[in-house]
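The values are calculated or read from the model by the stated rules, or taken from the named source; none is laboratory data. As the structure is a computational prediction, the values presented were derived from the model and not from experiment. Neighbour counts run over all protein chains shown; Cβ positions are idealised from the backbone, glycine included.
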Amino acid sequence: MNRDAIPVRPDIRCDVLVVGGGAAGFGAAVAAGRAGLQTVLAEAGPKIGGVMSFCPGMPWGGGYPCGEIIGGLIAELTDRLAAQSPPAAETRPCALANFGPEIVYDPDLAQIAMFEMLEEAGVRIHLNTTVTAPRMAGARIESLRLNDRHGAAVVRPAIVLDCSGDGDISAQAGVPYEVGDASGRMMGVTLSFLLVNAPWDTVFAEGDPYFTRHAERGVAAGRLHPDLSRIYLMKGFHRDTVFCNSVVIRGVDGTQPAEIARATQEGRKRCRALVAFLRDEVPGFANAWMTNLGPTVGVRETRKLHGQHRLTGAEVRAAKRFADGIVACANPIDDVMRGDGAMTHDAAVAEATWYTLPFQTTL
Ligand SMILES: Cc1cc2nc3c(=O)[nH]c(=O)nc-3n(C[C@H](O)[C@H](O)[C@H](O)COP(=O)(O)OP(=O)(O)OC[C@H]3O[C@@H](n4cnc5c(N)ncnc54)[C@H](O)[C@@H]3O)c2cc1C
């Protein structure tokens, strides 16, 4: 036998293949499984959650219409965590203008709960498994490959749900798309971490969510990268922990693995410098230490697929509610360090109103 030959596994048949186990893939797989469909979820990484697991502790939401969650699987997950003893999630106001309330949670317990919900729905989970090579039969995907370190299998699903975050499979299948803004510039990527042993009463005593006074000093002294002239720090789920989502690396193409690796290493260095600065210079951090440094940067933006409906800025600003609306939202428009631009969170709609995202944008 040729020891280098990759073993080929039997074909996998299922009703639904969900590509990617981020928030979207998690929800899609649970819903499909509960509907009685044979569902396979393939996730390239070792965890469920996507960006949520790359940036452990990232709050959920921030854009509920008028402060209310209408429902859905993330609401169910939140309720499940909040009902634990002690509670593993709670809703808090966001410290930033234009954002609604957000859900903070214990990321490890959330990981366990998401797996339970997938198991209960009968979903077959393949971790560390990358889906590639869609083979087309006309406009339909006939088969794809599931690849892991032990080999590859061909999967022939009736329905493919591309929840890869960057339209990986759709792009390979020929769906048209564009990348970034009109000039192809994408938003910055972020490496996050958590600080423990940072007493909230001292840390947040000044009330500035951006710690501007300290951050500007750090930049002027050459201790912090110039993009850290505002450091957004928020309370973590557990008392006296602080979540940092502020280390942003610009000009990274999130579809290119080598660029992601380079940005992650650059991010690690900036996180280390930031923690040293906080410990030395900012009240409350003297005895804090870093934990939960993300395994990779979180990518905000790559491909924008052309769906059957393409949502426009004008529709969002007009707070349009579509007949086939599947998500109601009042979120501000986030624009984070695109090219040499700043970080902005401008309100998209007037207060106390909201827009919906039409189902046709996803087809
Ligand atoms: C830095 C940052 C901060 C953010 N802050 C917030 C916030 O505070 N609150 C909030 O609500 N939202 C926030 N967001 C947005 C939120 O993270 C995204 O909207 C959400 O993660 C999108 O979920 P998703 O499942 O579509 O994609 P992702 O989370 O990107 O998940 C995609 C998954 O697909 C997998 N995958 C990709 N290709 C393949 C393949 N070929 N085969 C198998 N698996 C594959 C990936 O490994 C990944 O796990 C933030 C995003 C970033 C990057």
- prompt: Can you tell me which residues in the range 176-190 are closer than 16 Å to residue 306 by Cβ and surrounded by 16 or more Cβ atoms within 10 Å (Cβ to Cβ)?
  reply: 179, 180
message: Against the definition (surrounded by fewer than 15 Cβ atoms within 10 Å (Cβ to Cβ), of a type in the set (A, V, I, L, M, F, W, C) and modelled with pLDDT under 95), how does residue 152 come out, yes or no?
response: no
- prompt: Of all residues in the range 314-363, which are touching a Gly at 6+ places or on another chain (Cβ under 7 Å) and β-branched (Val, Ile, Thr)?
  reply: 336, 356, 361, 362
- line: Scanning the range 264-309 residue by residue, the ones that are surrounded by 15 or more Cβ atoms within 10 Å (Cβ to Cβ), of a type in the set (Lys, Arg) and more than 16 Å from the ligand (Cβ to nearest atom) total 1
- request: Please work out which one of (1) away from the ligand (no atom under 16 Å from the Cβ); (2) modelled with pLDDT of 95 or more is the condition residue 183 fails and give its number.
  value: (2)
query: Taking the range 336-363 as the search range and keeping residues that are at pLDDT 90 or above, within 14 Å of the ligand (Cβ to nearest atom) and not hydroxyl-bearing (Ser, Thr, Tyr), which one is farthest from residue 253 (Cα to Cα)?
result: 357
- prompt: Could you count how many residues in the range 89-137 are in contact (Cβ under 8 Å) with a residue 12 or more places away in the chain, within 23 Å of residue 159 (Cβ to Cβ) and hydrophobic (A, V, I, L, M, F, W, C)?
  reply: 11
Residues satisfying the stated conditions in the range 217-248, i.e. part of a strand (DSSP E or B) and crowded, with 22+ Cβ neighbours inside 10 Å: 233, 242, 243, 244, 246, 247, 248
- prompt: In the range 199-216, what residues are out of contact with any helix residue (DSSP H, G or I) (no Cβ under 8 Å at 6 or more places or on another chain) and in a loop (DSSP other than H, G, I, E, B)?
  reply: 199, 204, 205, 207, 208, 209, 210, 211
- request: Would you tally the residues in the range 186-198 being of a type in the set (Gly, Ala, Ser), in a loop (DSSP other than H, G, I, E, B) and within 16 Å of the ligand (Cβ to nearest atom)?
  value: 1
- request: Evaluate the following for residue 170: is it in contact (Cβ under 8 Å) with a residue 40 or more places away in the chain, part of a loop (DSSP other than H, G, I, E, B) and in the same structural domain as residue 130 (by TED's automatic domain parsing)?
  value: no
